[in-house]
1. What full-extension length gain, to one decimal in nm, is calculated for residue 23 and residue 454 as 0.36 nm per residue of separation minus the Cα-Cα distance?
2. For residue 30 and residue 189, compute 0.36 nm times the residue count separating them, minus their Cα-Cα distance, and round to one decimal in nm.
3. Counting only C-alpha contacts under 8 Å and six or more residues apart, can you give the relative contact order of the chain as a whole percent?
4. May I ask you to sort 190, 220 by Cβ crowding, counting other Cβ atoms within 10 Å and putting the fewest first?
5. Quick check: from the Cα gyration tensor, does region 56-110 come out rounded (a/c under 1.5), prolate or oblate?
6. For n ≥ 4 DSSP H runs only, could you compute -39500 (n - 2.57) per run for the chain, divide by its residues and tell me the 222 nm figure to the nearest 500?
7. Work out the FRET efficiency for residue 563 and residue 623 from their Cβ-Cβ distance, taking R0 = 22 Å, and round it to the nearest 0.05.
8. 7 Å from Cα along Cα→Cβ at both residue 109 and residue 687: what's the point-to-point distance in nm?
Amino acid sequence: MRRSLLAALALLIAATASPAQKLAERDLPAQYREWLNLVAYHIQPVEKDVFLQLTSDRDRDLFIETFWNQRDPTPGTPENEYQAELVKRFQYCNEFLGRTVSREGWRTDQGRIYMILGSPQGIENFEGTQGIVPCVAWSYYGDARRDLPPQFTLLFYKRGGVGEFKLYDPIADGPTRLLQHQRNIGDPFDYETLYEKIRDQAPSLAEIAITRIPGEYNYDLSPSPRNAMLMATIYEAPKRDVNPSYASHFLNYRGVVSTEYLTNYVESHASTALIHDPVTGLRFLHFSMVPTDVNVDVYVPKDQFYCSFRTDISLRSGEDIVFQYSREFPLYFPQSDWERVRANGLAIEDSFPVIEGRYKLSVLLTNTVGKQFSVLERDIEVPAEPARPSLNGPFLGYKFETYQRDVHIPFKSEDQKLVTDPKMTFARGEALAVLLNVVNPTRELLERGEMRIVIQGLREADPVRRSYTVKLSAFPLRKVLSVPQTIAAPDLDPDYYELRVALVGAGGETLDEKKESFVISPVASIGHPIANAKGFPLANQFLYRYMLAQQAERTGRAETAKSLYDQAFQLNPDYKEGVIMYATFLNKTGAFEEALQIAEKLRGDDQRRFPFSLIRGQALLGLERYEEALAELLQANRIYNSDTAVLNSLGRCYFGLGRKEEALEALRASLKLNPEQKAIRALIEEIEK
């Protein structure tokens with residue numbers, strides 16, 4: 001499963017390299033055109049764009065299910081009230097609002113408003129009122145969460161007294177349009193006179209004619225600009241409840257995650273941090289993901305709730321995958337903790353070493369119990385190692401926890417783990433945990449230098465400002481100096497803040513500056529997510545060197561890769577998978593004699609006879625010791641006769657021995673397994689000449 005998912009992630013890179021072509025809406029099957037009609041005023045441009053890129057009915061059906069799931073107000077219940085309400089509105093519009101017009105009811109002005117806002121709380125009909133064109137007023141209660149006023153009224157009228165009802169605009173249309181005898185109107189912008197004229201005919205219509213919002217008009221009774229702003233807010237209201245990123249993830253991850261997951265995309269809060277580790281001297285990319293919803297199951301034997309998360313991580317440079325791995329996080333907790341988990345969330349944390357470069361990080365987080373998935377995608381830049389003293393950080397959290405120094409844990413430096421919250425929001429009076437590292441400090445800097453921390457509020461009126469100084473003389477001299485700080489901030493008012501850190505040299509000069517943002521909430525307490533991470537004993541840090549070596553190799557830095565492979569091998573010469581990686585790399589770079597030496601670590605290992613024979617065969621082939629190479633490669637082929645690397649090496653070996661027919665037989669067998677090998681086709685053509 002892990003191998004297939006990582007392979008699918010590799011296919012994802014190719015799939016997202018160029019945008020797919022869109023199908024015209026008119027070319028869709030009828031049922032999908034009808035669905036687009038149903039959601040016309042609710043679907044966001046990104047969602048529609050993705051839907052039109054889908055090429056199969058299966059994908060379209062899955063997308064539609066996902067669309068409704070994202071808007072379900074009561075997930076987990078049999079009925080999706082949002083979907084049911086929209087279908088109900090659509091049927092009403094077409095049955096009642098399209099009776100006297102030449103188009104479907106949902107397409108009319110009244111239909112659009114009804115589809116967005118639903119049935120009005122009040123209706124006042126002015127048809128048949130003397131001197132007034134036919135019109136009808138719909139009154140609604142607003143919603144502050146959607147920036148709508150407490151109450152507003154929308155008026156529809158028949159222009160010139162005929163046709164369908166059009167939405168009336170107090171500014172663009174003006175009260176004159178509501179009067180039957182417009183020729184008798186002197187100044188169409190004399191709102192006071194027009195107001196009185198309409199009030200004489202229909203008292204309750206007069207104010208509606210000059211404003212949609214009760215009392216919202218200028219001193220001369222002219223409409224305020226807020227009338228136009230109100231309509232823009234109404235039209236956007238149904239599109240503000242959903243983050244459309246799920247649609248892009250649907251497009252990119254179909255085929256990567258199974259159908260049962262694909263319709264259950266969950267938003268997540270996430271953060272990343274590139275931290276220079278003082279213990280290993282390596283740079284690690286840390287990440288934390290907090291899904292906004294977690295489905296769990298019951299583990300009956302222990303009366304516990306449980307869920308199981310899996311992370312599939314890929315790091316790529318351009319279209320090339322530089323590094324990838326996966327990890328499992330099975331979680332069990334007592335049912336008494338469920339309310340806390342539901343309120344605060346679960347944070348899945350991990351980290352891995354990363355080499356200099358610019359990358360795209362992709363983390364696919366799946367809840368294998370709840371069949372949900374979330375995605376983290378970030379552009380990451382790992383700068384060159386600094387040559388002079390510099391800052392790494394600041395990294396913010398709400399507390400520190402102490403762990404063993406010889407265990408690596410995400411967001412940990414030395415023995416202090418920073419407990420983070422990706423939302424970067426803290427309660428008023430809550431302490432602020434700040435992790436800072438100084439890289440390449442000099443003795444003089446340690447003796448006479450300092451760090452200056454400034455917390456600056458961002459509001460315009462009387463912002464809070466606090467300053468702190470940290471003397472470096474209290475810390476030992478190391479290549480990476482960890483300086484964890486806990487700042488008690490009981491007097492920080494609710495506001496957006498910026499925390500700035502300056503590294504100041506012995507002469508008072510600023511050597512480096514960094515900053516981070518956070519929020520102080522007005523609430524007394526904030527629930528933070530429960531962190532879940534796995535420790536890694538640093539006795540096995542040779543694995544980190546192998547990870548970095550792979551990254552260097554895949555980004556074309558052979559010398560760096562050679563150095564890292566050698567470091568990893570020297571730290572643990574008996575790690576057999578590392579021996580295979582190192583020896584294979586040496587063969588690729590032409591270091592055949594060294595590959596033979598390293599491969600000796602595999603001799604006598606029955607479980608690794610295949611890679612041992614293949615590595616030796618390829619090394620001997622590179623040294624043009626064809627007879628010895630042939631013996632090793634035939635041995636590898638007897639163990640596994642469907643490997644293109646073995647068959648290609650056999651073909652080259654036979655060709656080197658002048659045995660062309662056998663060379664062609666091996667190479668053609670390889671092409672049957674993988675027809676996309678251009679170099680092998682060229683070699684076959686050369687042999688056939």
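None of the figures in this text is laboratory data; all of them are computed from the coordinates on show. What you are looking at is a predicted structure, and each value in this text was computed from that prediction instead of being measured. Here the Cβ is made from the backbone with ideal geometry for all residues, glycine too, and neighbour counts use every protein chain on show.
1. 149.8 nm
2. The span from residue 30 to residue 189 would gain 52.4 nm if fully extended.
3. This gives 8 percent for the chain.
4. So the ranking, lowest neighbour count to highest, is 220, 190.
5. Cα axes put region 56-110 in the oblate bin.
6. Taking each H run of at least 4 residues, the total per residue is -10500 deg cm²/dmol.
7. It comes out at approximately 0.40.
8. 7.9
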